[in-house]
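Please read the structure below before turning to the comments.
Just so you know, all these numbers are worked out from the coordinates, no wet-lab data involved. Everything quoted here is computed from the prediction, not taken from an experiment. Cβ: placed from backbone, ideal geometry, glycine included. Neighbour counts: every protein chain shown.
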Amino acid sequence: MAKMTRGETFSFADADDTPPKPEPTKQQPVEEAEVLLGWLNKWPKPVLTLKDARNFAPRAVRKKEIALNAAKVLAAHGHLTPLAAHKWQIVRQPLTPTSSQ
């Protein structure tokens, strides 16, 4: 509907030409795993639990699904060793590739 002011009609006020709000970018699981790995280097305990990650990790990885996915990626790359459901041993030794002969 056109806006009326003192008998004048302004049709441009009705146009919905406002650009849509951009959606916030979602981090990919690998990026979230990198954030978690950077934080794990500072974590003093030898074991990581989901509860610890949700309470103390950077905010980017505090949601349950994000923390679990990031931990799974780190476990697949050898940075974490699963101990139980939602509990991992942190591998602190440098990862070196093995030479196959």
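General observations
- Selection count, the stretch 65-77, where residues are under 10 Å from the mean Cα position of the chain (by Cα), touching a residue at least 12 places away in the same chain (Cβ under 8 Å) and either exposed (fewer than 13 other Cβ atoms within 10 Å of the Cβ) or within 19 Å of ARG92 (Cβ to Cβ) (or both): 1
- Within the span defined as the stretch 35-51, one or more residues are surrounded by fewer than 15 Cβ atoms within 10 Å (Cβ to Cβ), of a type in the set (A, V, I, L, M) and touching a residue at least 40 places away in the same chain (Cβ under 8 Å).
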